[in-house]
Amino acid sequence: MNLNHFYLTIFFALITLQSYSQTPTEINITEADTIHIVSFKKTFSQHYTGWSVTYKEIKDVLNEFTIPLVYSYGNRSLNETSLKKFELSSLNTISIGLGFNGYEQIMKGFFLNLGLEPNIGVEFSESITNDKSRNFYFSGTTNIGFLWVPSKELGLVIGSSIFGSLSNSKYINKDWGVSIEIGVNF
């Protein structure tokens, strides 16, 4: 399956999921409270370690699937094993993302997350012979995970997810891993 088919499949799956709610809500989604979240996410994958800072808004409505925009800024570094494999001394990417992450509150304060996030940025590499290069970087990441918002008054957010990504990297085009997230809500 090529990259375009993959993203189209995920997009239509998210649209389809949005149209099916487990039970009709009595609250109009536009009138529901919005939870604003700023969080720090740490990622561990097959080839990379990284971090990102994200902002997202989710609706505080039970059993209603919504797809808000998620904004992020992050950095990833290639791990030691992969650096040796490609004879590199360093490989880092800096990127910004604008994602379409679907959230459904399955019980009070506990959300299921299905997401698709394109990222653009720059990949910086340096070989063991000190040759440096830069590459325009584009990736697409899909994820499934959970987000816990114990209460709006507490201000704490904890989440985790499993993800897969495809990119135009000169070295690693496919990757998968896990992420953990901690943040504040307001």
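The values are calculated or read from the model by the stated rules, or taken from the named source; none is laboratory data. Quick caveat: nothing in here was measured; it's all calculated off a predicted structure. Note that we place each Cβ from the backbone using ideal geometry, even for glycine, and neighbour counts take in every protein chain shown. The protein model used for the area step is the full one, side chains on, heavy atoms only, and it has no ligands, DNA or RNA in it. Shrake-Rupley method; radii C 1.70, N 1.55, O 1.52, S 1.80 Å.
Quick rundown of the values:
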| read-out | value |
| --- | --- |
| Members of segment 39-80 found to be among the acidic types (Asp, Glu), surrounded by fewer than 19 Cβ atoms within 10 Å (Cβ to Cβ) and in a loop (DSSP other than H, G, I, E, B), listed by number | Asp60 |
| Residues located in segment 145-178, provided they are more than 18 Å from Gly50 (Cα to Cα) and assigned to a strand (DSSP E or B) | Phe146, Leu147, Trp148, Leu156, Val157 |
| Given (1) in contact (Cβ under 8 Å) with a residue 24 or more places away in the chain; (2) more than 21 Å from Arg134 (Cβ to Cβ), number of the condition Val53 does not satisfy | (1) |
| Sole exception among (1) within 18 Å of the chain's Cα centre (by Cα); (2) without any contact (Cβ under 8 Å) to a residue 40 or more places away in the chain for Ile67, by number | (2) |
| Unmet requirement for Glu123, which otherwise passes all of (1) at pLDDT below 95; (2) surrounded by 21 or more Cβ atoms within 10 Å (Cβ to Cβ); (3) charged (D, E, K, R) | (1) |
| Test: Phe136 is part of a strand (DSSP E or B) and either surrounded by 20 or more Cβ atoms within 10 Å (Cβ to Cβ) or within 16 Å of the chain's Cα centre (by Cα) (or both) | no |
| Failed condition for Thr129, given (1) under 17 Å from Tyr103 (Cα atoms); (2) open to solvent by 70 Å² or more (accessible area, probe 1.4 Å) | (1) |
| Which numbered condition Glu153 misses (of (1) closer than 21 Å to Thr66 by Cβ; (2) among the acidic types (Asp, Glu); (3) free of Cβ contacts under 8 Å to residues at least 60 places away in the same chain) | (1) |
| Search result, residues across segment 87-101 that are assigned to a strand (DSSP E or B) and of a type outside the set (S, T, N, Q) | Leu88, Leu91, Ile94, Ile96, Gly97, Leu98, Gly99, Phe100 |
| Candidate set from segment 88-109 (those that are modelled with pLDDT of 95 or more, open to solvent by 20 Å² or more (accessible area, probe 1.4 Å) and not hydroxyl-bearing (Ser, Thr, Tyr)); member that is farthest from the chain's Cα centre (by Cα) | Asn92 |
| Restricting segment 167-183 to residues that are in contact with a Lys or Arg (Cβ under 6 Å, 6 or more places away or on another chain) and open to solvent by less than 30 Å² (accessible area, probe 1.4 Å), the residue that is nearest to Leu88 (Cα to Cα) | Ser179 |
| Extreme residue, modelled with the lowest pLDDT, among residues of segment 139-166 that are of a type in the set (Gly, Ala, Ser) and open to solvent by 20 Å² or more (accessible area, probe 1.4 Å) | Ser151 |
